[in-house]
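K.L.:
Dumping the structure here so I can ask a few things about it.
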Amino acid sequence: MNDMKPIKPDFKIVGTRPVRPDGVDKVTGKAAYAADMAMPGMLHGRIKRSPHAHARIVSIDTRKALALKGVKAVITAEDFPELDPSIVAAGGEAHHNMANYSANCMARGKALYEGHAVAAVAATSPSIARQALELIEVVYEPMPHVTDLLEAMKPDAPLLHDNMFTQGLPETPTKASNIAKFFKQERGNLEEGFASADLVFEQRYTTQPVHQGYIEPHACVASVSADGQAMVWCSSQGQFMVRDFSAKIVGMNQADLRVVPAEIGGGFGGKTVVYLEPLAIVLSRKAGRPVKIVMSRDEVFRATGPTSASVMDVKIGVMKDGRIVAGDVDCKFQAGGFTGSPVMAATMTALASYDVPHCRVTGWDIVTNTPKVAAYRAPAAPNAAFAVESALDEIARELGMDPMTLREINAVRNGMTAIYGAPLQHIGLVETLDAIKQHPHYEAPLGPNQGRGLAVGFWFNGGGESSVTVSINPDGTVSVATGTPDIGGSRASSAMMVAEALGVPYEKVRPIVADTASVGFNEITGGSRVTFSNGLALVRASEQLVDEIRLRAGLIWDVPADQVAYADGIATCLAPDRAETPLLLGEIADKAAHFGGPLSKEVALNADGVAPCFGVHLCDVEVDPDTGNVTVLRYTAAQDVGRAIHPSYVEGQIQGGAAQGIGWALNEEYVFNAKGQMENSGFLDYRMPIASDLPMIDTIMVEVPNPVHPYGVKGVGEVPIVPPLAAVANAVRDAIGKRICDLPLSPTRIHAAMTAG
Amino acid sequence: MPVVRVTSSFCDSFTGGLTEFEVAATTVRGMMRELGARFPGLAEFLEARAAVAIDGTIYRNAWLQPIGPDSDIVLIPRVGGG
Amino acid sequence: MSKVYVSSVVNGDPVEFLCDADTSLLDALRDELGLTGAKEGCGTGDCGACSIMLDGRLVCSCLVLGPEAEGRQIDTIEGMAEGSELHPLQRQFLEHAALQCGFCTPGLLVASKALLERNPDPSETEIRFWLAGNLCRCTGYDKIIRAVQDAAAELRQERSVA
Amino acid sequence: MTGFQYSAPVSVEEAVALLAVDGKARLLAGGTDLMVQMRSGRVAPSQVVDIKRIPGAIGIRQENGGFVIGAGTSCAALGEHAALCAAWPGVVEGANLIGSTQVQGRATMAGNLCNASPAADSVPALVAAGARCLVVGPQGQREIAVQDIPVTPGRNSLAPGEFVLELRLPARPAGASDAYLRAIPRTEMDIAVVGAGVNLVVAPDGTIIEAHVALGAVAPTVLLVKDAGAALVGSKLDDAALQRMEQAVSAACKPISDKRGTAEYRKSIAAVLARRTAKIAYQRAGERS
């Protein structure tokens, strides 16, 4: 990938702020999301869910439901093939055990959390479907449950899977447990490191499960024909992921399943897996009619992935001058009903922002009777950063050092090796720290009961497989097909990069997100990979087109391609003895048929060479000394963004991530009752930030480009959620003079801390 | 000969905790085959779970990527995003 | 159970539809009238994605029964632009990049319009509190607030010119 | 929500008849609670009786120096009524804290009251105000105090077929005002963890001559804390009086711990809120003397 052209110093379109191509439909209500879809003869699907957190399913009697007029199909786990655990989904970023995903979509033998699907119906109306659910008779044998991750680790804890033996230890245990996996990152000599330290700080930090909180509930429509071919329209972060996961779970060929991406109403990682689509496909196959399933908000909370609760034990050794010499971090992460917490990423990111010569980070993946966790924006990194950045704040206090200075001393720099082993290149942490330091916020005075918190965050960013098609139409306009759902404005950035590379106006480039039969394979929209990976493919396709345009113009003029210059949509003949009128792109395209056929390039590639990015956030809060209420007064977020293709949408990512992180820090959490049932499964009591909870969020885009990408792109979407948890916690500490190590920092918890001795 | 390092425990169960290996391979795939020959099952595991950093650039699926005699090679667990 | 006949005025046009008595006005708009601009994010009045105007008052259409619409005036996001002429709020949302996924956008626009009709010059705090019932998870609200402020200024200018 | 009959009677008699014949009939005013309860399956009425088309059910009128508020009047409409806002700012601010702007466009104080949640935001100020309800039913009509409506969380004292048609706020002397505050983790869109309504009448010299303090979410129903009011009477809201009031408030609180807050927190915050609310009411009263 290093053969890409160097970064262009001056851009015409990259870095400008045009209106997004899908914008008008979104402000007029025309944009079609999955739940907006309707088809002739369509049935309405609904899902019956376990009221128990842990129960053996003794029997399911569907006869009465099937007998209800208007009910066209009822399904249970019996209707799905039993999958071998070795079956994994192709092309995904992480390793997905399809047997677990199948059992998560529809409980097999046991319900592992409250809300776990046990049966589904399709009926001619939503209300008949609802009635039918009541008629499905499920006999459960409730079992002891465990929702707390530390409780789940105990040797006598209720066991979710009797065949789970901790993986990743030097010796695999012979006794089953809820500890699915162990991970470790290590370098140097930890004992030596701590022995040499002037100060050793130790503390435990905890976080609760939080939900991605996208406003659009999961929804899909599936239509299966009698010959087995099927179409699915759905809201997801990856139409190819939906195709491949669903095909494996229901047992069909990938080519027989065409998945059309609807507009997606937010994902943040939560729509990187399937819940509804396999059920809708099987219901449609049984009923012979299209089936639509739309989750309620309650179902979204109870049955789709939150992120992990976590317990992190941090031990850091520093010298008096602030140098960190040793770090030992242990991370325990809740996976929910099936293995698969992002704890490995916690072990890789926890100390990734700092140069720590002697360190060890360990991680434990723990199953509990709670919904299977799903990715949430920079999975695991916010939890780990909350622990480490809170600890560093305390260490700075103990050393009498400015928290910024402590970070400057230890910040990773180009050429250093990250804890996970990779040498760091093209990174901009020092520049980002400096950007915050230079901002007026950094020195602004604080009033009584106010405090300021600083925190740093790291994320890898992502590359991976992307396929795109760029076609020049006969009139010189450009059609672009990508295969990754547009959540945060990727159609705009795609069109901008193509316009830049082809030298045509932005308005002449029209991008779409194509279905799985209309463009080559693409990985999901996730991991902050789309602008980087698709961008590489789009620019490469555009460059191939430019070569082709020069060739075609040369053919028109009867000169070789190297005698043709092309810029800004105009081909100019360079042959010294010729006085040809320059040709407009449209004129060349109009003659394409006569000189070799359509001007269209598909580029499918595997994007490597991704560069990580860092965020540095500064937060001011005021704490009501009588009630413990926190007001976020001011928030400034600086981030190394590589290069911002569309700065407004980069700012939007930073602001949105910061807001989510603030919610995580202050109020969001899953509350389970003694029966293991979620008590706050609605937006009223889940308490995400509302407009009046937040100040303006000031953003500083620091551009340290990644030279691997022709425009310097790194990826920006994930890192903004990493620093806020600690930035807020450190600000609250500064305001009240006491450290709270457990999230969320609810008024009740802060009040208790303030009134305690 | 290029040296392959791993700072994570993610393939410990195959390597018995060893963290540095000399290989003679000239491509990522060759390296995986060689490691697989030494540690049964490791090649398949790495194919599914590992990314490889070669002289600072991270490759995830690029089995054909060349590696030179002085290359710095690190095996990294693959990470998904949100 | 037989359906209820409802006749009302939606975006200025007379409409008639049949719905079950237990149908929410949101579902009636979406399923019976094909107006899918209003979205269901929660169904309990906590997210504002289904915001509409009912007899000139901002409401969550998920908290209104379809039959209640009998004889009422309803305005939805679909009626906000005049033909192909976008409302200043719609334009400012686009220019400020005040939307990402766009799912909350129709509700936010309808709610913002209701605000500016009552208060042509709202402060940032007034905008934030008025829009407290419109959840957005993508933007952190910053660009939304700025878009509303600029649309308000534009509308004030229009008024002073007119 | 499965299968009910919807009716929108245009007279009280018709509404009473519909509600009286069917034990599973539910009254629909703003619907912001009923719709959510029906959706979750907590209630499954056979009949929904929408009272908003009854003449007088919507609207605010001034009568004998006080105000009569139709049961179907939205909370948003209260905030738009200048005279009501001037006379009973606390009552209006309680009503305008229910849910969002959108929810306030539908929600009614009468519905908030009859839903009988101990955390209902509009109720403490109504109780402190000494508001009364006009209840209509098969036996005719009667007037009862607002605080006599809720019985236990989710249950009210109305007999089958009865409903609240009007809320009545008494006349205001000079130097009278009120206030309502609540504690919530967010800034809006929340259920009160604690709510406090204070209604004061202040003499021209600043002496409090009448005081009523009501608390929400600290007991099974909204509490009128007589001792707290008494602690303020005769004072100029000095610190000693406020402390006495706080003690009375703390003594009266019998909160529970739930997902929204702990009992300890509620008890401690109730005193803080009552103090802050009293100060606002006192200042407002001073401005009206």
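K.L.:
Could you please give the count of residues in segment A:18-77 that are small (Gly, Ala, Ser), within 14 Å of chain C (Cβ to nearest Cβ) and under 29 Å from the mean Cα position of the chain (by Cα)?
P.N.:
Residues in segment A:18-77 being small (Gly, Ala, Ser), within 14 Å of chain C (Cβ to nearest Cβ) and under 29 Å from the mean Cα position of the chain (by Cα): 7 in total.
K.L.:
Let me ask you something else. In segment A:658-679, is there at least one residue being of a type in the set (Ser, Thr, Tyr) and more than 12 Å from chain C (Cβ to nearest Cβ)?
P.N.:
Yes, because at least one residue in segment A:658-679 is of a type in the set (Ser, Thr, Tyr) and more than 12 Å from chain C (Cβ to nearest Cβ).
K.L.:
Residues to consider are D:Ser235, D:Ser250; find the one that is in a loop (DSSP other than H, G, I, E, B) and without any contact (Cβ under 8 Å) to a residue 40 or more places away in the chain.
P.N.:
None of the other options fit; the residue is D:Ser235.
K.L.:
Looking at the structure I just gave you, is A:Ala195 assigned to a loop (DSSP other than H, G, I, E, B) and either surrounded by fewer than 22 Cβ atoms within 10 Å (Cβ to Cβ) or away from chain C (no Cβ under 14 Å) (or both)?
P.N.:
no
K.L.:
Still on this structure: Please state which one of C:Gly56, C:Gly12, C:Gly71, C:Gly66 is surrounded by 20 or more Cβ atoms within 10 Å (Cβ to Cβ) and either more than 10 Å from chain A (Cβ to nearest Cβ) or in contact with a Ser or Thr (Cβ under 8 Å, 6 or more places away or on another chain) (or both).
P.N.:
C:Gly66
K.L.:
What about A:Pro511, is it at pLDDT 95 or above and surrounded by 15 or more Cβ atoms within 10 Å (Cβ to Cβ)?
P.N.:
yes
Rundown of residues vs (1) more than 14 Å from chain C (Cβ to nearest Cβ); (2) more than 28 Å from D:Glu13 (Cβ to Cβ); (3) touching a strand residue (DSSP E or B) at 6+ places or on another chain (Cβ under 9 Å); (4) assigned to a helix (DSSP H, G or I), yes/no style:
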site: D:Cys85; (1), (2), (3), (4): yes, yes, no, yes
site: D:Gly94; (1), (2), (3), (4): yes, yes, yes, yes
site: D:Val103; (1), (2), (3), (4): no, yes, yes, yes
site: D:Pro118; (1), (2), (3), (4): yes, yes, yes, no
site: D:Leu126; (1), (2), (3), (4): yes, no, yes, yes
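K.L.:
Something else about it: Are any residues in segment D:150-196 more than 14 Å from chain C (Cβ to nearest Cβ), closer than 21 Å to D:Glu93 by Cα and assigned to a loop (DSSP other than H, G, I, E, B), and if so, which ones?
P.N.:
Selection gives D:Pro170, D:Ala171, D:Arg172, D:Pro173, D:Ala174, D:Gly175, D:Ala192, D:Val193.
K.L.:
Could you list, in sequence order, the residues of segment D:192-215 that are over 16 Å from D:Ala248 (Cβ atoms) and either crowded, with 24+ Cβ neighbours inside 10 Å or outside the structural domain of D:Lys254 (by TED's automatic domain parsing) (or both)?
P.N.:
D:Ala192, D:Val193, D:Gly195, D:Val202
K.L.:
Any residue that is closer than 30 Å to A:Ile419 by Cβ and of a type in the set (Lys, Arg) - is there at least one of those in segment A:158-177?
P.N.:
no
K.L.:
Taking A:Ala567 as meeting all but one of (1) touching a residue at least 24 places away in the same chain (Cβ under 8 Å); (2) at positive phi, write down the number of the exception.
P.N.:
It fails just one condition, (2).
K.L.:
Let me ask another. Before we move on, is A:Val273 assigned to a strand (DSSP E or B) and crowded, with 24+ Cβ neighbours inside 10 Å?
P.N.:
no
K.L.:
With A:Thr477, A:Thr405, A:Thr469 as the choices, which residue is of a type in the set (S, T, N, Q), buried (at least 20 other Cβ atoms within 10 Å of the Cβ) and more than 30 Å from A:Gly628 (Cβ to Cβ)?
P.N.:
A:Thr469
K.L.:
Moving on to the next point. Is segment A:628-650 home to any residue that is among the aliphatic types (A, V, I, L, M), outside any loop (DSSP other than H, G, I, E, B), free of Cβ contacts under 8 Å to residues at least 40 places away in the same chain and in the same structural domain as A:Pro423 (by TED's automatic domain parsing)?
P.N.:
Scanning segment A:628-650 turns up no residue that is among the aliphatic types (A, V, I, L, M), outside any loop (DSSP other than H, G, I, E, B), free of Cβ contacts under 8 Å to residues at least 40 places away in the same chain and in the same structural domain as A:Pro423 (by TED's automatic domain parsing).
K.L.:
For segment C:132-162, give me each residue that is part of a helix (DSSP H, G or I), facing another protein chain (nearest Cβ under 10 Å) and without any contact (Cβ under 8 Å) to a residue 24 or more places away in the chain.
P.N.:
Result: C:Ala132, C:Asp142, C:Ile145.
K.L.:
Report, by residue number, each residue of segment B:27-53 that is without any contact (Cβ under 8 Å) to a residue 12 or more places away in the chain and outside any helix (DSSP H, G or I).
P.N.:
Within segment B:27-53, no residue meets the criteria.
K.L.:
If you check D:Leu200 against the conditions, is it assigned to a loop (DSSP other than H, G, I, E, B), closer than 21 Å to D:Gln283 by Cβ, hydrophobic (A, V, I, L, M, F, W, C) and touching a residue at least 40 places away in the same chain (Cβ under 8 Å)?
P.N.:
no
K.L.:
Identify, please: which residue in segment A:64-80 is of a type outside the set (D, E, K, R) and over 16 Å from A:Tyr275 (Cα atoms) and is, among those, surrounded by the most Cβ atoms within 10 Å (Cβ to Cβ)?
P.N.:
Checking each candidate, the answer is A:Val74.
K.L.:
Next question, about the same structure. For segment D:73-83, give me each residue that is surrounded by fewer than 24 Cβ atoms within 10 Å (Cβ to Cβ) and in a helix (DSSP H, G or I).
P.N.:
Scanning segment D:73-83 gives D:Ala76, D:Ala77, D:Gly79, D:Ala82, D:Ala83.
K.L.:
While we're here: Would segment A:690-713 turn up any residue that is assigned to a helix (DSSP H, G or I), within 7 Å of another protein chain (Cβ to nearest Cβ) and surrounded by fewer than 23 Cβ atoms within 10 Å (Cβ to Cβ)?
P.N.:
Within segment A:690-713, one or more residues are assigned to a helix (DSSP H, G or I), within 7 Å of another protein chain (Cβ to nearest Cβ) and surrounded by fewer than 23 Cβ atoms within 10 Å (Cβ to Cβ).
K.L.:
When A:Lys591 is evaluated against the numbered criteria (1) under 30 Å from A:Gly569 (Cβ atoms); (2) buried (at least 22 other Cβ atoms within 10 Å of the Cβ); (3) of a type outside the set (Val, Ile, Thr), which criterion, by number, is the only one it fails?
P.N.:
A:Lys591 satisfies all of (1) under 30 Å from A:Gly569 (Cβ atoms); (2) buried (at least 22 other Cβ atoms within 10 Å of the Cβ); (3) of a type outside the set (Val, Ile, Thr) except (2).
K.L.:
A follow-up question, please. Sort through C:Asp22, C:Asp46 and tell me the only one that's surrounded by 24 or more Cβ atoms within 10 Å (Cβ to Cβ), among the acidic types (Asp, Glu), more than 17 Å from the chain's Cα centre (by Cα) and not assigned by TED's automatic domain parsing to the domain that holds C:Thr105.
P.N.:
The conditions single out C:Asp22.
K.L.:
Starting from segment B:1-26, keep only residues that are under 14 Å from B:Ala37 (Cα atoms), then list their pairs with residues that are basic (Lys, Arg) and surrounded by fewer than 18 Cβ atoms within 10 Å (Cβ to Cβ) whose Cβ atoms are within a distance under 9 Å, requiring at least 6 positions of separation or different chains.
P.N.:
B:Thr15/B:Arg38; B:Phe21/B:Arg5; B:Phe21/B:Arg38; B:Ala25/B:Arg33
The values are calculated or read from the model by the stated rules, or taken from the named source; none is laboratory data. What you see is a predicted model, and the numbers here were worked out from it, not measured in a lab. Cβ atoms come from the backbone with ideal geometry, glycine included; neighbour counts cover every protein chain shown.
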